[in-house]
Amino acid sequence: MKKIVKEQPPTWFETWKQNFKQTHGRTAHYKNDFSSDDSQGTARRQQLRGHLIKEQGHICCYCMKRISLQNSHIEHFRPKTRFPQNDLDYQNLLASCNRDGMVSLDGHCGHKKEDWWEDNLVSPTESKIEEMFQYSLDGNIHSIQKKPFTNIAQEMIGHMGLDSYHLIRNRRAAIESSEVFDENEYSNEDIRNFIDFYSNKDGEAYVPYCMAIVACLKEQLG
Ligand SMILES: [Zn+2]
């Protein structure tokens, strides 16, 4: 996973929540209020999703797949069924792959995770998220062993389907098309420059599966 740097909530989003409270005399909730079943609810969801996608550099919060308005949904890191008080807390809202209503046999990410929750679950907004997973050249993902977070990392792989066939295949393709498999002999300085490139946004976007490529490049440092 790639750490997500949350920005300030969009002004229109905070204003909408304040106006809702003034009008209705209660705090707004995601379902039925913000995400109401009409064109206004659809427009609000789309506007928020666009903001989250841009904030995340156009990759899924969990698997790093390229996402757009067409293939993403708003993900509540703390599930809205368990934490209704956080269901419009901007810090809890992420963009994940797979649009609402799309069912996949090879499910992963937000729709696979659903209402699963553990108190020691690590959010993609925490720095240590980038130290929890190892990726191999064949696209597989593993928890890093003998760390305080090894067990929860392993559970996250299972509950979020991060080891699904689809994702392993995509990561392998991304790694194979990077400098990892180049025939050139690169110096450590070259490799560090590649790591720097994949660790940062190129314009607005990260390269899909960037941290899997970074992990394999780090293995090549002499
Ligand atoms: Zn995903």
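The values are calculated or read from the model by the stated rules, or taken from the named source; none is laboratory data. Every value quoted in this text rests on a predicted model; they were computed, and no experiment measured them. Note: ideal-geometry Cβ built from the backbone for every residue, glycine included; neighbour counts use all protein chains shown. Areas reflect the complete protein model, heavy atoms only, side chains present, ligands, DNA and RNA absent. Shrake-Rupley method; radii C 1.70, N 1.55, O 1.52, S 1.80 Å.
Computed values, structure above
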item: Scope the stretch 59-76; condition out of contact with any Phe, Trp or Tyr (no Cβ under 8 Å at 6 or more places or on another chain), farther than 18 Å from Asp89 by Cα and either assigned to a helix (DSSP H, G or I) or not hydrophobic (A, V, I, L, M, F, W, C) (or both); matching residues; result: Tyr62, Arg66, Ser68, Leu69, Gln70, Asn71, Ser72
item: Residue, farthest from the ligand (Cβ to nearest atom), within the stretch 55-74, restricted to residues that are open to solvent by less than 20 Å² (accessible area, probe 1.4 Å) and under 9 Å from the mean Cα position of the chain (by Cα); result: Gln56
item: Among (1) modelled with pLDDT of 95 or more; (2) closer than 25 Å to Lys113 by Cα, the one test that Ser178 misses; result: (2)
item: Criterion violated by Phe194 - all others in (1) part of a loop (DSSP other than H, G, I, E, B); (2) within 25 Å of Lys54 (Cα to Cα) satisfied; result: (1)
item: Flag for His51 being touching a Phe, Trp or Tyr at 6+ places or on another chain (Cβ under 9 Å) and not hydroxyl-bearing (Ser, Thr, Tyr); result: yes
item: Residue match in the stretch 154-167 (condition: closer than 28 Å to Leu52 by Cα and open to solvent by 90 Å² or more (accessible area, probe 1.4 Å)); result: yes
item: Matching residues in the stretch 147-165 - criterion: being in a helix (DSSP H, G or I) and more than 16 Å from the chain's Cα centre (by Cα); result: Thr150, Asn151, Ile152, Gln154, Glu155, Tyr165
item: Single match in Asn184, Asn170 (criterion: open to solvent by 10 Å² or more (accessible area, probe 1.4 Å), in a helix (DSSP H, G or I) and among the polar types (S, T, N, Q)); result: Asn170
item: Residue pairs meeting the criteria (Cβ under 8 Å; at least 6 apart or on separate chains; first farther than 15 Å from Arg44 by Cα and assigned to a loop (DSSP other than H, G, I, E, B), in the stretch 17-29; second among the β-branched types (Val, Ile, Thr) and open to solvent by 80 Å² or more (accessible area, probe 1.4 Å)); result: none
item: Index of the failed condition, Leu121 passing every other in (1) within 15 Å of the ligand (Cβ to nearest atom); (2) within 23 Å of Glu7 (Cβ to Cβ); (3) assigned to a loop (DSSP other than H, G, I, E, B); result: (1)
item: Every residue from the stretch 1-43 that is touching a helix residue (DSSP H, G or I) at 6+ places or on another chain (Cβ under 7 Å), among the charged types (D, E, K, R) and open to solvent by 30 Å² or more (accessible area, probe 1.4 Å); result: Lys3, Lys6, Glu7
item: Failed condition for Gln85, given (1) at pLDDT 95 or above; (2) exposed (fewer than 14 other Cβ atoms within 10 Å of the Cβ); (3) assigned to a helix (DSSP H, G or I); result: (1)
item: Qualifying residues in the stretch 109-118 (those that are within 14 Å of the ligand (Cβ to nearest atom) and out of contact with any helix residue (DSSP H, G or I) (no Cβ under 6 Å at 6 or more places or on another chain)) - the one farthest from Tyr209 (Cα to Cα); result: Glu114
item: Residue that is farthest from Ala205 (Cα to Cα), among those in the stretch 44-58 that are in contact with a strand residue (DSSP E or B) (Cβ under 6 Å, 6 or more places away or on another chain) and outside any loop (DSSP other than H, G, I, E, B); result: Arg45
